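Visitor: Below are the structure tokens for one structure; questions will follow.
The values are calculated or read from the model by the stated rules, or taken from the named source; none is laboratory data. All of these numbers come straight from a predicted model, not from anything done at the bench. Neighbour counts are summed over all protein chains in view; Cβ atoms, including those assigned to glycine, are modelled from backbone coordinates with ideal geometry. When the accessible area is computed, the model is the full protein with side chains, heavy atoms only, and any ligands, DNA or RNA have been set aside. Shrake-Rupley method; radii C 1.70, N 1.55, O 1.52, S 1.80 Å.
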Amino acid sequence: MKFIRFVFLMLSLMLALSAREQVNINFSNLEITDFIKLVSKITHKNILINSKVNGTVDFVSAAPVYDDELLGVLVSVLESKGFTLIEDGSFYQIVPSTEAAQNNVRVVKPGQSLFGPLMATQVIVIKDEDVDIVAAKIRYFISKTAKLMTMKESNTLLITDYPKNIETIKKVIQDISSNNQSIVKIIPIQFAEIKKLQAKLIDISKSLFNPHISSELVKIVLDENTNSIIIVANEKNAQAVEALIEKLDIASNISNSVQIFNLKNSDAKAVLASLTEIISKQTYADPLLKPNVSASEEINAIITVGEPEIIKGIKYIIDELDIEKYQVYVQARIININKQNAESLGVKYGFAAGDVSASGLYAMSANFGSAALTSAASGAIFDYLGALGTGARSGLALGATLDFLETNGASQAISNPSILCVNNKESSIYVGNTISISSGSTVGTTGLPTVSYKREDVGLTLKIKPRVSSVDKVTLDVETILETVIDNGLDGGVPVRQPVTSKQEVKTQAILRHGESIIIGGLVKSYDSKSKTKIPVLGYIPIVGEYLFSSSQTSYEQDNLIVILTPYVVDQSEKLSKLQKDLGILATIQKEYDKKVFKRIEERGKVEASDIDTIESLKKDTIDVDPVDDVSGEK
């Protein structure tokens, strides 16, 4: 019982001591210094006046006020004069408001509530927002003499102001933070291509949310390691983006974005080079839309990965590049014509044969043309050959001319190669030998020379690159090289000197029709031909036979190398076998034609020869007539 009474007495004493007293004050035109003294007396607080505060104050009270409220009134009066009241231990002192922060203003721990009329300093921790941005927003809420400082390293505000102002600022900051409170969401992506999905989400968010409002700001980040989309936004916006991801993260039809194009006529590596060059020069709004292409040489196919609409354009290019290529089958005849023998042959049969150039051969072939033979003997066959027969009709006379020269020893066929070329690609054929040519010698320690050799190709090289402009017209880039050995450098089978070779080369371009022949010539080789004749038995007598019964003759010879090319355009591969068959038939026709034309030429030559004998005989008879037997009797 005594303990209870003791507790009761102590509580009563504490309530009595802490009880707020009310005072009645009402004054007019009171000096501020006197008002300070009045407040000190009523509140029982010692107040130090460091500076003189001038002015008067009026206070009108309709009801009593509490004694502790007088300090707030005094602070308001002093604030109006540029001063404030601060607590300094057991007393108060009056200081200029601008210097309050430097005069041991009460510091309150972060998070604690402030009360009372006196200035205080408190640190405010800013969350979810940049401290400088917050400081700019709440600067209008502080008093004129307050001090505000930001610390970026800790994202905090340091403010010295009156407690009511600080509490107001704290409430405003709390409201700002609650409205701009961001959350982080990590959403795994299962089906969609994550980079493309991120690009779509960023474009959509710009339309849905205002990026200029910080509370509406949405950040969308991708994490390739977890194949996830990371959203940083307020809860409402984050939920909106998450709903979009659920709708967009669906399995795509892979057959529309990955396609394999098997090539039928073109090389995959060459087509890939063309596609890569085209794609590299294209500009895409989104770099992620750039397609990927590669080649599989094993199956000769192009593999594409990209947007379906872009793949459609690539497919069109591939289709155009993979069309069946034209092929050109070229028959070549490389012939060496001796000018002297051709002239003799022309004199013998009564037609011009001395000029063995292209124009001369065409002029000579006029003697071998026979419309009757080509139309009557082989008309049906030419109709069967079709377009090939059209060109072959004019070529029969030229073919007969060349065969006639060769048959009579005026020409020699060097080679008759045939080559099949793909359009716009060079093809070549080589026929020849490889010889050894000394490249130098060295003397070893034994004193004997060691000869080193190099191998050289000597023969015929034919290079042709066709360019088809239509089904019946082609441009040929032709290069023909003929190398022969003039002197093998052997004496009795023993090499005594370097071999001597000759080289003849033709490089030209010609535009020809299907089945049309062209003569390329102009390479002339001149040399002296030596011949020796001996009288049988006597001419072989040593010394005497050499000088008395044998004779030597040196003649000037001239050979012309001509190349005759005949191209045949093949637009479809299955027509190649038919072309071979047609050319076989044409060769048979040429033989029959040659036989008939040669027979006609020889018969005409015999008639002309007998006419010449008759004329010579008449001339001889005229010369041998005796003048006495003249009918006229005149001498």
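Visitor: List the residue pairs whose Cβ atoms are under 6 Å apart, where the first residue sits in segment 289-309 and is closer than 18 Å to K200 by Cα, the second is open to solvent by less than 50 Å² (accessible area, probe 1.4 Å) and among the aromatic types (F, W, Y), and the two are 6 or more positions apart or on different chains.
Guide: Correct list of pairs: empty, since none qualify.
Visitor: Is there a residue being at pLDDT 85 or above, more than 27 Å from L148 (Cβ to Cβ) and in a loop (DSSP other than H, G, I, E, B) anywhere in segment 29-36?
Guide: Checked segment 29-36: no residue is at pLDDT 85 or above, more than 27 Å from L148 (Cβ to Cβ) and in a loop (DSSP other than H, G, I, E, B).
Visitor: Next up: Hey, among S76, S90, S113, which residue is within 24 Å of E31 (Cα to Cα), of a type in the set (S, T, Y) and either exposed (fewer than 13 other Cβ atoms within 10 Å of the Cβ) or modelled with pLDDT under 85 (or both)?
Guide: Details: S90 fails: within 24 Å of E31 (Cα to Cα); S113 fails: within 24 Å of E31 (Cα to Cα).
When all the criteria are applied, what remains is S76.
Visitor: Okay, next question. When you look at V53, is it surrounded by 11 or more Cβ atoms within 10 Å (Cβ to Cβ) and more than 17 Å from T145 (Cβ to Cβ), yes or no?
Guide: Here the answer is no, as V53 does not meet what is asked.
Visitor: Examine segment 88-96 for a residue that is over 16 Å from K164 (Cα atoms), in contact with a Lys or Arg (Cβ under 9 Å, 6 or more places away or on another chain) and part of a helix (DSSP H, G or I), and state whether such a residue exists.
Guide: No; the residues of segment 88-96 include none that is over 16 Å from K164 (Cα atoms), in contact with a Lys or Arg (Cβ under 9 Å, 6 or more places away or on another chain) and part of a helix (DSSP H, G or I).
Visitor: Would you check if there is a residue in segment 128-142 being in contact with an Asp or Glu (Cβ under 8 Å, 6 or more places away or on another chain), of a type outside the set (A, V, I, L, M) and under 27 Å from E216 (Cα atoms)?
Guide: No, the conditions are met nowhere in segment 128-142.
Visitor: Which one is modelled with the lowest pLDDT among residues in segment 258-272 that are loosely packed, with under 14 Cβ neighbours inside 10 Å and in a strand (DSSP E or B)?
Guide: In this case the residue turns out to be V258.
Visitor: Sort through I335, I419 and tell me the only one that's modelled with pLDDT of 80 or more, crowded, with 20+ Cβ neighbours inside 10 Å, of a type in the set (V, I, T) and in a strand (DSSP E or B).
Guide: I335
Visitor: Can you tell me which residues in segment 544-578 are modelled with pLDDT of 80 or more and of a type in the set (F, W, Y)?
Guide: Correct list: Y568 only.
Visitor: While we're on this one: Just a yes or no: is a residue in segment 187-209 within 21 Å of L71 (Cα to Cα), β-branched (V, I, T), open to solvent by less than 90 Å² (accessible area, probe 1.4 Å) and in contact (Cβ under 8 Å) with a residue 24 or more places away in the chain?
Guide: No - not one qualifying residue is present in segment 187-209.
Visitor: Right, here's the next one. Being touching a Lys or Arg at 6+ places or on another chain (Cβ under 8 Å) and in a helix (DSSP H, G or I) narrows it down to one residue among L288, L275, L244; which is it?
Guide: L288
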